[in-house]
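The values are calculated or read from the model by the stated rules, or taken from the named source; none is laboratory data. Just so it is clear, the model here is predicted, and its values are computed rather than measured. Because the Cβ atoms are built from the backbone with ideal geometry, glycine has one as well, and the counts that use them run over all protein chains shown.
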Amino acid sequence: MKTPPIVSPPEWEEARERLLVKEKELTRARDAMAAQRRRMPWMAVEINCTEFGGDCSIDGAEVHIPAGASVEGNVAADASLPWQDRRDAHLTVIDQAADREYDLWQVQAQPIPSTGGTLNISWGGVEQLGGDGVVVNGRTGQGTAAHFADLAGRIRAEEFLSQVPPPGSSGPAGNLGHALFIVVNYDSGQAIYPAVGVGRPCDKVFGTPAANVNAPPMGAWLWLDLRGVDIQSLPIANWKKSVLETWYTYGAFIGDTGSRGYFAGSSSPSVVTGSRHAAGSER
């Protein structure tokens, strides 16, 4: 592997200054793109829940979503497949004026059509923004297996921008200031506080009740037993250190099963339109 050249301190400082100029240009371009997102128009869509009898808490609701908003992973859920085999394709919509968070699961359109109309999803729920992110009423919070609000524990791009030092910086990666939402492959078929729902249990996958014995329950709190000084010394990217620092400081709650990753996070800064925004996610 070709390694960078060895230079004197003045030459290194000069190279660093050139890099900082490019980083500032990138930051300005990112800010301009974020401003453009904030000016995006929004439209009303009517939610149609297609699974489990279609009687989810937001079936028939009119939700305002920015035109062109993207779902998790930028790929829609394939309605031709059984729901068990579809992508999660989450979309979270924040309506600050109504004090509501709408959590959509297995959204069957990507991007959200600018024409509005009906939006088919497998299931979904609504929560009050002023709450604690934990829903105790079974009629709400149905966007995740645990019935957590989908923003609870989500890693947002804005948090990374404030806590992760830029490339070449010697500063430590900071924690993100809150517990994390973590996704596991399967659970034990039981829920513990703060979860009120369960996901896909091991026994349904492996065909034996014994498979649930050592599986974690939905809602379990996981703590990373790795000190901050050890995290900072790991040969990994700064953003990964920031996630580990957060896990060590605040822990992570199991909130869903069966996704394509372990942590929930926005893949880009939130799309904001007036008092509303929508964010897809990566897990």
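Quick notes on this structure:
- Per-region count, segment 190-232, residues crowded, with 18+ Cβ neighbours inside 10 Å and not in a loop (DSSP other than H, G, I, E, B): 6
- Residues of segment 76-86 satisfying the condition of being in a loop (DSSP other than H, G, I, E, B), surrounded by 13 or more Cβ atoms within 10 Å (Cβ to Cβ) and without any contact (Cβ under 8 Å) to a residue 40 or more places away in the chain: Ala76, Asp78, Arg86
- Residue list for segment 46-62, restricted to those being among the aliphatic types (A, V, I, L, M) and either surrounded by 22 or more Cβ atoms within 10 Å (Cβ to Cβ) or in contact with a Gly (Cβ under 8 Å, 6 or more places away or on another chain) (or both): Ile47, Ile58
- Failed item in (1) free of Cβ contacts under 8 Å to residues at least 60 places away in the same chain; (2) surrounded by fewer than 23 Cβ atoms within 10 Å (Cβ to Cβ), with His147 passing the rest: (2)
- Any hit, segment 233-256, residues being modelled with pLDDT of 90 or more, within 20 Å of Val183 (Cα to Cα) and in a loop (DSSP other than H, G, I, E, B): yes
- Among residues of segment 211-224 that are within 13 Å of Ala146 (Cβ to Cβ), those with a beta-carbon under 8 Å from a residue that is hydroxyl-bearing (Ser, Thr, Tyr) and not in a helix (DSSP H, G or I) at least six positions away or on a different chain give the pairs Pro216/Ser188; Pro217/Ser188; Met218/Ser188; Met218/Thr257; Gly219/Tyr193.
For every residue, the table says whether it meets (1) at pLDDT 85 or above; (2) outside any loop (DSSP other than H, G, I, E, B); (3) farther than 29 Å from Ser162 by Cβ.
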site: Glu13; (1), (2), (3): yes, yes, no
site: Leu19; (1), (2), (3): yes, yes, no
site: Met33; (1), (2), (3): no, yes, no
site: Asn48; (1), (2), (3): yes, yes, yes
site: Asp59; (1), (2), (3): yes, no, yes
site: His64; (1), (2), (3): yes, yes, no
site: Gly73; (1), (2), (3): no, yes, no
site: Asp88; (1), (2), (3): yes, no, no
site: Ala97; (1), (2), (3): no, no, no
